[in-house]
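Structure first, commentary second.
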Amino acid sequence: MKARRLDEVLDDCLSAYLEGRRSIEESLSLYPSLRHELEPLLRTAVEVADTFGESSPPDHVEERGRQEFLTSASVRQRAKLVTSDLTFPQRVSEFARRRRWLLMVVAFAVGLAVAGTVAAKLETSSGGTSPEGASVASPITPVVGNLRSAQQQLWRRANQGVDVSPEMIRALSRTTSALDSQTGRFADIDDQARVELERTIADQYLLLHLIANTQPAPTAPEARRALAVTQQVARSWGIDLPQLASAPASLPDSSGDGREPTERSPMTPSPSPETGTSPTEMPSPEADTGTSP
Amino acid sequence: MSPNGHAQGERLMVDAARAGDASALSELYTLYFPRVYRYILARTGNTYDAEDLAEEVFMRVLEAIERFQWREAPFSAWLFRIAHNAVISQRRKETARGRSSQLSEGLAVNSQGPDELVENRLALSDIREAAEKLPEAQRQVIALRFAAGLSVAETARTMGKGEGNVKVIQHKAIVKLREMMGQARPARLYESETAR
């Protein structure tokens, strides 16, 4: 029988040990003529394997990573469903429908402004008082437009794996707050505008979840702060936000009572504005995922 | 479970994970996170880097899993190529920042007392220092075989080499490690004893 090479015998013994099929002694007894040469190598290899095997990740790290992994998966799945539900013609028609709606609102706003100016002139000339109960739709129209345009830019960047700057998120937050303060009583808005605002806020919620879970610091913490603002606005308007499979472990507590969420793991970074979840940079998906040898 | 049964079970799990099944994703994470962590720890010697990079690897997995194809490589080989690329990227960043890779002081090893922790840290430190001096291919084989727990076949697919070649590299690496650890061990043990 042709003698087996030492590297093959060594691997046979090592594989048997690592897979729990044979002990080192049992393996050595199978190769008595090689014992002298084989034994020190096997002892070294076993020491290396056992030392590495004893080094497990801390439980809280594993759990925190799992939460982030599953939340990110859920957000991706949700975002995929939102975009894949529509065929290309539907997307075009949806886009046109939204633009048409915006044009109608802009026309309405311009009409109101003209009417207001005329009324003011008439009022000045007649010395009367202005009527109460002006429409709430006109001042919010440009703000909704700005918000939608900012969202579209962010969706594009997030989907293409391009870094999103924290300034863009801050601008989105500011526009959301401006929209909230200009909207007044949500119940007073007409049905069509209310539906559009609900969609805008729900889309923004999904978008910010995606960014918070896929972008590196300092963008991710900024996105979590913007999420808190979005949730606050949704609550004040009485809007139900989309349900995600699991909430991100490090979402800020936006209830305003200052308490920490009880389910957070002990080592989960604080959701305060000064901290982020991951100090490492996240390269673009295409960068080096190693899909080919 | 037989190797075939195991492979089939893993295939079902990976396919479900690709379709976005949360429980399959969780199972995949449970199965591979500790192995990815150990692999990165073996390559970087730093627990903090291992924690951060292991999490980052799974985020990359999420981004790329839809593009994974069974005909190219087994899932483990694909996953550890991502982990390898993450280590290389990290190393490039560190080189750019001028930071050398150091073994962290606080090696966190579960369920160990202070003595065991010191011993493990020393052992890991010895192994890590010795492995650092090996050529890249040998270092990679040691980390994949003994830290990640891959088979020779999986290691070969991960590295894009033949199984025979991996066995030869493994043999050479163990011979060198034995030489280097034999030299380092007495001095290290003395330091450990006097430190206690």
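The values are calculated or read from the model by the stated rules, or taken from the named source; none is laboratory data. Just so we're clear, the structure is a prediction, and the values are computed from it rather than from any experiment. Neighbour counts run over all protein chains shown; Cβ positions are idealised from the backbone, glycine included. Surface areas here come from the heavy atoms of the whole protein model, side chains and all, with no ligands, DNA or RNA. Shrake-Rupley method; radii C 1.70, N 1.55, O 1.52, S 1.80 Å.
Output the number of residues of the stretch A:165-179 satisfying the condition of being open to solvent by 50 Å² or more (accessible area, probe 1.4 Å) and touching a residue at least 24 places away in the same chain (Cβ under 8 Å).
Final tally of qualifying residues: 2.
Working only within the stretch B:37-64, note down all residues that are more than 9 Å from chain A (Cβ to nearest Cβ), over 14 Å from B:Gln140 (Cβ atoms) and surrounded by 23 or more Cβ atoms within 10 Å (Cβ to Cβ).
Across the stretch B:37-64, the qualifying residue is only B:Val57.
Assess whether B:Arg81 counts as being within 7 Å of chain A (Cβ to nearest Cβ), under 22 Å from B:Leu41 (Cβ atoms) and open to solvent by 10 Å² or more (accessible area, probe 1.4 Å).
yes
Just to be sure, is B:Ala17 within 7 Å of chain A (Cβ to nearest Cβ) and among the hydrophobic types (A, V, I, L, M, F, W, C)?
Spelling it out, it is not the case that B:Ala17 is within 7 Å of chain A (Cβ to nearest Cβ) and among the hydrophobic types (A, V, I, L, M, F, W, C).
Assuming A:Glu132 fulfils every condition listed in (1) modelled with pLDDT under 80; (2) in contact with a helix residue (DSSP H, G or I) (Cβ under 8 Å, 6 or more places away or on another chain) apart from one, which condition is it?
Here A:Glu132 meets the rest and fails (2).
For B:Glu27, work out the one condition from (1) more than 10 Å from chain A (Cβ to nearest Cβ); (2) open to solvent by less than 10 Å² (accessible area, probe 1.4 Å) it doesn't fulfil.
(2)
If you take the residues of the stretch A:193-212 that are open to solvent by 20 Å² or more (accessible area, probe 1.4 Å) and not aliphatic (A, V, I, L, M), which of them is farthest from A:Arg157 (Cα to Cα)?
So the residue we want is A:Arg194.
The conditions are (1) over 21 Å from A:Val75 (Cα atoms); (2) surrounded by fewer than 17 Cβ atoms within 10 Å (Cβ to Cβ); (3) free of Cβ contacts under 8 Å to residues at least 40 places away in the same chain, and A:Asp190 fails exactly one of them. Which is it?
It fails just one condition, (3).
Across the stretch B:146-170, what is the number of residues that are facing chain A (nearest Cβ under 8 Å) and within 9 Å of the chain's Cα centre (by Cα)?
Qualifying residue count, the stretch B:146-170: 3.
Looking at this structure, is A:Glu37 more than 26 Å from B:Tyr39 (Cβ to Cβ), touching a residue at least 12 places away in the same chain (Cβ under 8 Å) and of a type outside the set (A, V, I, L, M, F, W, C)?
Criteria met by A:Glu37.
Just to verify a result, which residue in the stretch A:56-80, among those that are within 7 Å of chain B (Cβ to nearest Cβ) and among the aliphatic types (A, V, I, L, M), is farthest from A:Ser29 (Cα to Cα)?
A:Ala73
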